[in-house]
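Coordinate-derived values only; no laboratory data. Predicted model only: the values in this text are computed from it and were never measured. Cβ sites come from the backbone with ideal geometry, for glycine too, and all protein chains shown count toward neighbours.
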There are 2 protein chains.
Amino acid sequence: MKETKDTAIAVIGCGTVGGAVCEILLRDRDLLQSKTGSRLRLKYIVDRVFTYAKNLQLDDTLFETNLDHALEDDEVRIVIELVGGITKAREITEQALRAGKHVVTANKALLAHHGAELMAVARENGVSLAFEAAVGGGIPIIRALYDGLAANSIDAIYGIVNGTCNYILTEMIDKEESYEEALWAAQSKGLAEADPTLDVGGADSAHKIAIMGAMAFGIQVDFDQIPVEGIDNLQQEDVMYADTLGYVVKLLAIATRVGEGISLRVRPVFISREHALAWVSGPFNAVSVYGHTTGHTMYYGRGAGGSPTAAAVVSDIIAVASGTYQVFFDRFAFWPDRNPPTDLIAVAETYSRYYIRTMVDDTPGALARIASILGEHGISIASILQDELPENNGADQEPHFVPVVITLHPAKEANVLQAINEIDELDATGEKSSLISIVDDHPEGVS
Amino acid sequence: MKETKDTAIAVIGCGTVGGAVCEILLRDRDLLQSKTGSRLRLKYIVDRVFTYAKNLQLDDTLFETNLDHALEDDEVRIVIELVGGITKAREITEQALRAGKHVVTANKALLAHHGAELMAVARENGVSLAFEAAVGGGIPIIRALYDGLAANSIDAIYGIVNGTCNYILTEMIDKEESYEEALWAAQSKGLAEADPTLDVGGADSAHKIAIMGAMAFGIQVDFDQIPVEGIDNLQQEDVMYADTLGYVVKLLAIATRVGEGISLRVRPVFISREHALAWVSGPFNAVSVYGHTTGHTMYYGRGAGGSPTAAAVVSDIIAVASGTYQVFFDRFAFWPDRNPPTDLIAVAETYSRYYIRTMVDDTPGALARIASILGEHGISIASILQDELPENNGADQEPHFVPVVITLHPAKEANVLQAINEIDELDATGEKSSLISIVDDHPEGVS
């Protein structure tokens, strides 16, 4: 083995993940050195306050409140950005890169919004920006995209990349709870924030698909073009109908090729119980990738939590200390700063199967009207489910709205939305229809 | 990006995988170059006959029957060994390494038996030996062990790594077929060989756990010490009882720490339906890895087939052409040639939960005798299942053997085997009892 070089490291931000990174670097220094040949030396723990760091009993001689001290220290080769948020994190990352430090980050929001720009700064300064921990916590999914699946042209990615949402959905299914009840359960277990918007609204998943999509397809993504729908408007009836129809509701982050273009989107979908992702329950994450030579592979594990996320950060530190990451970063073409901004295909232009639940007045002819609207838009019905009703004795002239559940063959989303609008305007229909796309298995291009 | 270097490649053995590798290298040359910055040039396709290569319409100017021509060509940097078998493959690999060529192989049998020795030869000659395709086909599991999970001390690996066995077991479960019927179905679909011994007997899975175990734990494995049990003696009744008890029967390749030692083993087990591996069906493979910081991660995909396996070979070619693989191979300590031969812990010394099915004469006291034998060996019963019997009117003095199904709390395998021997010797028991270990979830050391 090569002689061991000592790699000095500054961790910026000592919260849950930062604290866990420091713990691993201090506790496992000998293990990591004997395994990887790199001696990783934590030299600075930079933060404003050290209450949490002290609770972890981290070595207080490493505490530093002045970031510049760490960045001006020529010994420091790698800076770990774990402050979170965007504005401050962007400043710190840029400053560190300009100071000639490699940066390792777990900050998906930062990368989704400013990844290309920061990678370009890294390159100008002869250093690299690594971010395995930004997607899927401890799951080495970013490596799969830049290394393991290198022989592939990627066709599609489907990811369950938000543990909070997956936990809430699993609760809604297993315990037949409403969204509100399940959210409360997640919050009381510490699996959802007091303000859960970033998770349940889908933005966190969108950050992650922006990062994966850019690398998988070799494009630069404008984050604001990604259509995002969270689980916060999901109705329990639809979750139950999914089960009846052989599906499971999951919040998916999706990236697919559509003709010559790329579509990225985040939304709750009905996923077939036959699909490997359907079984990913509770706080676990998983990402399915479809490559033109490898076919379907899936990567599963803990998508959050201090230790798994910190392990991904440390795997990047090892890769930078060993020099492997720089080779991928230098030679490979799919990093977003190397590709021009690419307009995404509007989701209205994508094709999918769909589930519709419409509340229909049980008068004769209502269903025929609905079927005829779908037909006028060239949309083909795959199945209709309407439970039998108590007989209407005619004495009562009030409308009786009952759910009609329709699944569609593949159709263009724009057409389906148009048809749904017309259906919802009928006198014979009640509240706004539910519309959820259906994901069966993605076709594999290989045998 | 760095200037593109042309990397000349010789593929030795043009069968299913070799043919697919050649196809990818020829068809996707521009894609791979634009993606990875490496220009991969297939220069020789070496084989004795080219019937298959001609069927694929591969460029016949590359055909070469004389291996020496390829090895003596200084332009050739990477040799792809895909001849299969051990003796000839070992000769070719050693010859190529001594000629200063990097070798990429998919040959698990070769690596399980001679991996350490060949890696040492590679190192002496300043080259590397890469083998992503040897385990799990297209799944980048070897990379997870040497790169993605680098921050971990690995606690355990559980792998479904033989698609033939997994297909047969899925058939036995879904269609309630016997082993023989399911094997026949697999053979008629081309998913099992005419002589399926290597697959169904477990040796192929053992090759793969030998490779993964060596890297995960940083040891040199003596292949002959791995206890191997296949699916060929599995009885359909036991497969059905698994279902009744909430389990699924899977052939697992297992590597675990046991005290200061390591146990590797291959056997059919009852795996809890709650475990992510339980849902891996048909010809798919998956490997669960438990690391001390990342916790549980799982890697899923097509474990065989020309294109997925070839994609893994090509990912190694790219890694060698880029120079990343050499860094891992040079700097990291867990390669088997860098560790002394390690005696495995005998499986009799391992602890597990167990399932026992004993045929018992339905005379009073028989069950009590069994329970008392287990108790004498310090084994604690978790559950007993005995279906109600038609009443014995006493007129008939023949023994009525009925199945009694017992599950155990964790016990030492040696003790369980001893107890089973004594139970099988009782007059009150019939044919040999079934004994199958139970895998619930492996404890994760992280939150």
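Between residue B:33 and residue A:31, the FRET efficiency from the beta-carbon distance, with R0 = 41 Å, is close to 0.60. Counting other Cβ atoms within 10 Å as a rough exposure proxy, the listed residues A:165, A:22 run A:22, A:165 from fewest neighbours to most. With a threshold of 26 Å on the Cα-Cα distance, the over-threshold entries among B:175/B:250; B:101/B:208; A:175/B:175 are A:175/B:175. In terms of its C-alpha gyration tensor, the protein assembly as shown has a rounded overall shape, because the principal axis ratio a/c (a ≥ b ≥ c, square roots of the eigenvalues) stays below 1.5. With R₀ set to 51 Å, the beta-carbon distance separating residue B:125 from residue B:245 gives a calculated FRET efficiency near 0.40. Fully extending the segment from residue B:197 to residue B:225 would add 8.2 nm, taking 0.36 nm per residue of separation and subtracting the current Cα-Cα distance. In segment B:339-372, which residues have a backbone nitrogen under 16 Å from the label point lying 7 Å from residue B:427's Cα in the Cα-to-Cβ direction? It comes to B:360-370, nothing else. From helices alone, chain A scores -10500 deg cm²/dmol at 222 nm; the rule is -39500 (n - 2.57) for each run of n ≥ 4 DSSP H residues, then divide by the residue total.
Taken one residue at a time, the phi angles of segment B:71-80 give Karplus couplings (6.51, -1.76, 1.60, θ = phi - 60°) of 6, 7, 7, 5, 5, 5, 9, 10, 10, 9 Hz. Gly and Pro are set to x. How far is the Cα center of segment B:84-129 from the Cα center of segment A:297-323, in Å? One Cα centre to the other: 31 Å.
Here segment B:316-352 is scanned for amide nitrogen atoms under 11 Å from the site 7 Å beyond the Cα of residue B:412 along Cα-to-Cβ, giving B:348-351. Cross-link reach is defined here as a Cα-Cα straight distance under 23 Å, omitting same-chain residues fewer than 8 places apart; for residue B:54 the lysines meeting it are B:43.
Here the label points at residue B:59 and residue A:387, each 7 Å from Cα along the C-beta direction, are separated by 6.5 nm in the simple model. Computed from the Cβ-Cβ distance with R0 of 51 Å, the FRET efficiency linking residue A:257 to residue A:187 stands at 0.85.
Cross-link reach is defined here as a Cα-Cα straight distance under 17 Å, omitting same-chain residues fewer than 8 places apart; for residue B:189 the aspartates and glutamates meeting it are B:171, B:174, B:177, B:180, B:181, B:199. Scanning chain A for trypsin sites (Lys or Arg not before Pro) in DSSP loops with at most 16 neighbouring Cβ atoms within 10 Å leaves A:274-431 as the longest stretch between them. For the segment A:320-330, counting C-beta atoms of other chains within 10 Å of every residue's C-beta and taking the mean gives 4.
Sites listed here are GluC sites (Glu not before Pro) in segment B:144-216 whose DSSP assignment is loop and whose Cβ has at most 13 other Cβ atoms within 10 Å: B:176, B:193. For segment B:233-276, the residues whose amide N sits under 18 Å from a probe point set 7 Å from the Cα of residue B:178 along the beta carbon direction are B:233-241.
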